[in-house]
Amino acid sequence: MIAQADIRTDRRRARTRAALLQAGESLFAAQSVEAVSIDDIVAAADVAKGSFYNHFSDREALAREIAVAVRAEAEAQVDQANDGIVDPARRMARGQMVFARFALQHPQRARAMMRLFAGATQPNAPLNRGVRADIEAGLATGAFSDLSVETGVLMAMGMAMVAVGRVLEPHGNTSAAEICRDLNFGLLRGLGVPEDLARAISDAAADDIFTETRP
């Protein structure tokens, strides 16, 4: 039987860890990792400085965990949106839209992701497995053409980061859906999708993914 004291200790540790992660996410969304000190983090989390080292070896370790967690959350939403979708071009467009919608709905998390995930556009990064698989499938089926897998991954992830950045820093009256519609069209054309089909896929993805989202 687990002692009540052990249960309380585990709960306290979990609360402390969650507070540190939340504080780090908020601070890293606003500033670079180098500009944030451990003193800043523990002050924002309202925990003792010694508690920090019970959970993380240093500031960079905290930043890495936040970055991976946020990116994984966004990727999980992409997987959900693409459940049952086979066509690589449709999967690509919908995935791009989901990243932008994530930024619209969770701006702090998206800002932290943009600042922290330096490896976001590395083609072989573990979290890029999904987009790499879609690029490979598109090339294998002829949906995409005239580029390498690495180039396709770089284009897709680069465009996703551009879309997220544009959503986080809006200009004028252009909605997130309209921005992403045009960016996706450009991406699909770059991947070799015919113009009319690229436009139709981009329009459908924007209409679907942003149906219940208010830019």
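The values are calculated or read from the model by the stated rules, or taken from the named source; none is laboratory data. The model shown is predicted, which means the values in this text are computed figures rather than measured ones. Because the Cβ atoms are built from the backbone with ideal geometry, glycine has one as well, and the counts that use them run over all protein chains shown. When the accessible area is computed, the model is the full protein with side chains, heavy atoms only, and any ligands, DNA or RNA have been set aside. Shrake-Rupley method; radii C 1.70, N 1.55, O 1.52, S 1.80 Å.
Conditions (1) exposed (fewer than 12 other Cβ atoms within 10 Å of the Cβ); (2) modelled with pLDDT under 95, marked per residue:
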{"residue": "V33", "(1), (2)": "no, yes"}
{"residue": "I41", "(1), (2)": "no, no"}
{"residue": "D46", "(1), (2)": "yes, yes"}
{"residue": "S57", "(1), (2)": "yes, yes"}
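Restricting attention to the range 72-127, the residues that are at pLDDT below 90, touching a Phe, Trp or Tyr at 6+ places or on another chain (Cβ under 8 Å) and among the β-branched types (V, I, T) total 0. Is the range 193-209 home to any residue that is surrounded by fewer than 23 Cβ atoms within 10 Å (Cβ to Cβ), polar (S, T, N, Q) and within 26 Å of M113 (Cα to Cα)? No, the conditions are met nowhere in the range 193-209. Close contacts from the range 45-65, counting a first residue that is free of Cβ contacts under 8 Å to residues at least 12 places away in the same chain and a second that is surrounded by 12 or more Cβ atoms within 10 Å (Cβ to Cβ) and in a helix (DSSP H, G or I), with Cβ to Cβ under 6 Å and a gap of 6+ residues or different chains, come to K49/V42.
With the condition kept exactly as written, say whether any residue in the range 136-152 is of a type in the set (A, V, I, L, M, F, W, C) and under 15 Å from the mean Cα position of the chain (by Cα). No, the range 136-152 contains no residue that is of a type in the set (A, V, I, L, M, F, W, C) and under 15 Å from the mean Cα position of the chain (by Cα). Only residues that are at pLDDT 95 or above and basic (K, R) were counted in the range 156-200, giving 2.
Residues of the range 16-61 that are touching a Leu at 6+ places or on another chain (Cβ under 8 Å), among the aliphatic types (A, V, I, L, M) and outside any helix (DSSP H, G or I): V36, V47.
Of all residues in the range 72-113, none satisfies the criterion of being under 22 Å from E25 (Cβ atoms), open to solvent by 60 Å² or more (accessible area, probe 1.4 Å) and of a type in the set (A, V, I, L, M, F, W, C). Residues in the range 187-213 that are within 20 Å of the chain's Cα centre (by Cα) and not β-branched (V, I, T): L187, L188, S202, A205, A206, D208, F210, E212.
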